[in-house]
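Asks: Have a look at the structure that comes next, please.
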Amino acid sequence: MTRKAIVCGGSIGGLFAALLLGKRGWDVTILERNAVELAGRGAGIVTHDLLCRLIVAAGGTTDDLGVAVADRVVYALDGSEVMRAPLPQIVTSWDRVHSMLRALVPEGRYHLGVPVCGYAQNADQATVICEDGRRFDADVVVGADGFRSAIRAQMHPAVQPEYAGYVVWRALAREADLPPDVLDSTFPYFALYLPTGSQIIGYPIAGPGNDLRPGHRRYNFVWYAKADAAVLQDMLTDASGTRHGLSIPPPLVREDVVQGAFDLANRLLPPQFRTILARSERPFFTPIYDHVAPSFADGRVALAGDAASVARPHVGMGVTKAASDAEALARALDLAPVVPALAAYSAERQPAVAHVMQFSRNLGHAMLTAGPDGPSLDGRGNPNADFILHNTALVPVFAAA
């Protein structure tokens with residue numbers, strides 16, 4: 001008899017879980033809370049060999065996956081080069097990975113507009129409970145419903161995302177809108193600016209529709225900036241006075257908050273990054289949180305991706321981590337009945353993911369911590385620069401298997 005799985009969440013983590021289970025003969029249904037197809041949810045993704053292998057395992061392709069960058073370059077406040085290291089990588093976009101995986105889901109298996117609010121189970125099956133009262137039965141339920149996961153909230157109600165004390169501003173600039181000096185000095189590289197207490201990361205990605213032609217690409221701008229809890233609460237308050245919870249939809253970020261970011265950038269950033277930001281689409285911010293569930297399974301119900309754990313983005317493993325969860329889950333279900341299989345999956349992935357989260361915290365700590373000679377205010381002489389340069393957006397050795 002065909003085994004049935006329900007995957008809650010149709011983002012990249014949910015798609016990996018559905019496709020890798022489907023490859024093993026599972027009858028998989030995906031329930032996505034949004035009523036419209038997901039698109040444009042995030043900008044750049046740094047790929048790794050591990051992620052590329054799992055894309056292929058899920059049925060995708062790494063052909064034309066993104067833009068190749070050969071070097072990492074660190075800049076000082078005056079725009080000059082401080083450090084350079086060869087570190088070839090492919091940088092891509094959320095849209096590229098999601099749209100590729102989404103196209104592989106069989107017709108009729110992906111359901112939009114179905115918010116999940118919880119689950120029930122007995123010895124023989126698990127049941128997904130939806131906000132509209134519908135119920136879906138299966139042999140296994142996968143909670144891949146993001147960092148605000150309803151499945152995790154029921155499984156581990158005490159687990160809450162922990163604010164890191166800073167936000168990340170993101171923006172995209174069209175290659176065609178950038179001046180020649182920026183295109184020559186900065187655009188081709190994985191670029192960084194590393195003063196104590198802040199950080200800039202930037203790199204080229206494909207243009208809309210995965211357009212990789214020179215002149216049609218985009219530049220992904222990422223800026224970590226400190227914001228204490230009181231400042232964050234103000235930033236999360238929209239123009240109507242409504243205070244949002246963990247994050248705020250980008251269109252609702254107040255104009256004075258956006259202008260404040262531009263004013264700060266004009267005082268604190270190197271010239272090429274000021275130019276990139278000034279010529280970008282409207283920037284938006286996301287507060288930085290992390291969390292990890294103490295276990296990733298409860299009987300016939302499993303957690304995966306951001307529902308299971310969110311690491312700070314310095315390690316650049318969000319998509320890779322979700323794909324690795326999905327692979328481990330599918331593999332475990334090949335080897336044992338559902339309940340012991342999910343227990344084995346949790347025993348494998350929870351400590352591995354907890355290590356990744358701690359490593360990303362270490363990178364965040366390195367960003368915020370001054371050396372014995374005091375803070376680096378201009379991006380020069382930062383004693384943590386080498387560690388940050390060689391570990392940002394790379395799979396740690398212990399997680400690369």
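Asks: Of all helices (runs of 4 or more DSSP H) completely enclosed by the stretch 292-401, which ones contain at least 2 residues that are assigned by TED's automatic domain parsing to the domain that holds PHE147?
Replies: Numbers: elements: 318-335, 338-368, 385-391.
In the stretch 292-401, 318-335, 338-368 are the helices (runs of 4 or more DSSP H) which contain 2 or more residues that are assigned by TED's automatic domain parsing to the domain that holds PHE147.
Asks: Give the residue that is surrounded by the fewest Cβ atoms within 10 Å (Cβ to Cβ), with candidates limited to residues of the stretch 4-45 that are of a type in the set (Val, Ile, Thr) and part of a strand (DSSP E or B). Steps first, answer last, please.
Replies: If we filter the stretch 4-45 for residues that are of a type in the set (Val, Ile, Thr), which is where we start, we get 6-7, 12, 28-30, 36, 45.
Narrowing further to those that are part of a strand (DSSP E or B): 6-7, 28-30, 45.
Details: ILE6: 24, VAL7: 34, VAL28: 26, THR29: 19, ILE30: 25, ILE45: 26.
The extreme case among them is THR29.
Asks: Something else about it: Kindly indicate the residue of the stretch 322-370 that is β-branched (Val, Ile, Thr) and under 25 Å from ASP139 (Cβ atoms) and also surrounded by the fewest Cβ atoms within 10 Å (Cβ to Cβ) among those meeting that condition. Steps first, please.
Replies: Let us first name the residues in the stretch 322-370 that are β-branched (Val, Ile, Thr), namely 338-339, 353, 356, 369.
Then keep just the ones that are under 25 Å from ASP139 (Cβ atoms); that gives 338-339, 353.
On the way: VAL338: 23, VAL339: 15, VAL353: 24.
Looking at residues that are β-branched (Val, Ile, Thr) and under 25 Å from ASP139 (Cβ atoms), I get VAL339.
Okay, residues lined up against (1) at pLDDT 95 or above; (2) aliphatic (A, V, I, L, M); (3) surrounded by 13 or more Cβ atoms within 10 Å (Cβ to Cβ); (4) within 20 Å of the chain's Cα centre (by Cα):
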| residue | (1), (2), (3), (4) |
| --- | --- |
| PHE187 | yes, no, yes, no |
| LEU192 | yes, yes, yes, yes |
| PRO195 | yes, no, yes, no |
| GLN199 | yes, no, yes, yes |
| LEU252 | yes, yes, yes, no |
| ASP263 | yes, no, no, no |
| LEU269 | yes, yes, yes, no |
| ARG274 | yes, no, yes, no |
| ALA278 | yes, yes, yes, no |
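Asks: Consider only pairs whose beta carbons are under 7 Å apart and that are at least six residues apart or on different chains; among these, list those whose first residue lies in the stretch 212-229 and is closer than 14 Å to ALA171 by Cα and whose second residue is surrounded by 11 or more Cβ atoms within 10 Å (Cβ to Cβ) and of a type in the set (Lys, Arg).
Replies: Close Cβ pairs satisfying both conditions: ARG218/ARG174; PHE221/ARG170; VAL222/ARG170.
Asks: In addition: Can you tell me how many residues within the stretch 201-216 are in a loop (DSSP other than H, G, I, E, B) and more than 21 Å from the chain's Cα centre (by Cα)? Explain how you work it out, then say what you get.
Replies: Step one: filter the stretch 201-216 for residues in a loop (DSSP other than H, G, I, E, B), giving 206, 208-210, 212-216.
Still in the list and also more than 21 Å from the chain's Cα centre (by Cα): 212-216.
Number satisfying all stated conditions: 5.
Asks: Okay, next question. Are any of the residues in the stretch 107-120 buried (at least 17 other Cβ atoms within 10 Å of the Cβ), in a loop (DSSP other than H, G, I, E, B) and either modelled with pLDDT under 95 or touching a helix residue (DSSP H, G or I) at 6+ places or on another chain (Cβ under 6 Å) (or both)?
Replies: No, the stretch 107-120 has no match at all.
Asks: Taking into account only those residues within the stretch 221-250 that are farther than 26 Å from VAL315 by Cβ and in a helix (DSSP H, G or I), which is nearest to the chain's Cα centre (by Cα)?
Replies: Of everything passing the filter in the stretch 221-250, GLN233 is nearest to the chain's Cα centre (by Cα).
Asks: So which residues in the stretch 100-140 are touching a residue at least 40 places away in the same chain (Cβ under 8 Å) and of a type outside the set (A, V, I, L, M, F, W, C)?
Replies: Within the stretch 100-140, the first condition is being touching a residue at least 40 places away in the same chain (Cβ under 8 Å), and the residues that meet it are 100-102, 104-106, 109-116, 119, 121, 125-126, 128, 130, 136-140.
Within the stretch 100-140, ARG102, PRO106, ARG109, TYR110, HIS111, GLY113, PRO115, TYR119, GLN121, GLN125, ASP137, ASP139 meet the criteria.
Asks: Here is a further query. Any residue in the stretch 354-373 that is closer than 20 Å to ALA308 by Cα sitting within a Cβ distance under 8 Å of a residue that is assigned to a loop (DSSP other than H, G, I, E, B) and among the charged types (D, E, K, R)? List the pairs, counting only those 6 or more apart or interchain.
Replies: MET357/ARG312; SER360/ARG312; ARG361/ARG312
Asks: Quick one: in the stretch 47-62, which of the residues that are of a type outside the set (A, V, I, L, M, F, W, C) and in a loop (DSSP other than H, G, I, E, B) is nearest to VAL91 (Cα to Cα)? Give the steps one after another, and end with the answer.
Replies: Taking the stretch 47-62 as the starting set, the residues that turn out to be of a type outside the set (A, V, I, L, M, F, W, C) are 47-49, 53, 59-62.
From what is left, the residues that are in a loop (DSSP other than H, G, I, E, B) are 47-48, 59-62.
Working: THR47: 6, HIS48: 9, GLY59: 20, GLY60: 17, THR61: 15, THR62: 12 Å.
Filtering first and then ranking leaves THR47.
Asks: Can you tell me which residue in the stretch 65-102 is modelled with the highest pLDDT, limited to those that are assigned to a helix (DSSP H, G or I) and among the basic types (Lys, Arg)? Let's see the steps before the verdict.
Replies: Quick first cut of the stretch 65-102, residues assigned to a helix (DSSP H, G or I) only: 94-102.
In the following step, the residues that additionally are among the basic types (Lys, Arg) were identified as 96, 102.
On the way: ARG96: 92, ARG102: 97.
Ranking the candidates gives ARG102 first.
The values are calculated or read from the model by the stated rules, or taken from the named source; none is laboratory data. The structure presented is a predicted model; accordingly, all values stated were derived computationally and were not measured. Every residue, glycine as well, gets a Cβ built from its backbone with ideal geometry; the counts of neighbours run over all protein chains shown.
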